[in-house]
Amino acid sequence: DLVRVLRQQTQSRLQVGIEALVSLSGEKLTDVASVAEVGLTDGDTVNALVRRTRLVTSHRSLAIALVHQKGFVVSWGHVACGGDSSNVKDQ
């Protein structure tokens with residue numbers, strides 16, 4: 001399995017957005033690497049960097065987006081300035 005799959009499974013079980021998994025030595029584990037490639041074996045412990053909820057504004061603040069810690073985005077404002085995030089809702 002890839003580290004990305006482990007991160008997504010952990011994210012689902014903990015019900016929080018996880019930015020990255022980190023080894024006990026402090027190394028950020030690359031999503032595209034396999035669990036074996038980063039040296040993880042069954043029973044190993046890793047740390048998780050939890051995403052924070054962020055409020056983001058566009059140029060001249062004509063649109064606002066809330067990037068939730070669970071990964072979803074809610075946006076408001078002028079469509080041409082980022083107020084409509086429906087075209088990226090599945091990403």
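The values are calculated or read from the model by the stated rules, or taken from the named source; none is laboratory data. From a predicted model like this one, the values you see are computed outputs, not experimental measurements. Ideal geometry is used to build each Cβ from the backbone, glycine not excepted, and the neighbour counts take in all protein chains shown. Calculation scope for accessible area: heavy atoms of the full protein, side chains included, ligands and nucleic acids excluded. Shrake-Rupley method; radii C 1.70, N 1.55, O 1.52, S 1.80 Å.
If each of SER86 and LEU49 carries a label point 7 Å out from its Cα toward its Cβ, how far apart are those two points in nm?
Label-label distance for SER86 and LEU49, simple model: 3.4 nm.
Which percent of the accessible heavy-atom area of the chain goes to carbon and sulfur, probe 1.4 angstrom?
Percent of accessible area from carbon and sulfur atoms in the chain: 51.
Normalised by the number of residues in the chain, what is the relative contact order in percent for Cα pairs under 8 Å and 6+ residues apart?
22 percent
Where in segment 1-83 are there trypsin sites (Lys or Arg not before Pro) that are in a DSSP coil and have at most 11 other Cβ atoms within 10 angstrom of their Cβ?
The qualifying sites are ARG52.
Computed FRET efficiency, Cβ-Cβ of VAL79 and VAL56, R0 22 Å: what is it to the nearest 0.05?
Taking R0 as 22 Å, the efficiency between VAL79 and VAL56 is 0.85.
In terms of modelled amide H atoms, which long-range or inter-chain residues lie less than 5 Å from the amide H of LEU29?
LEU21, VAL22, SER23
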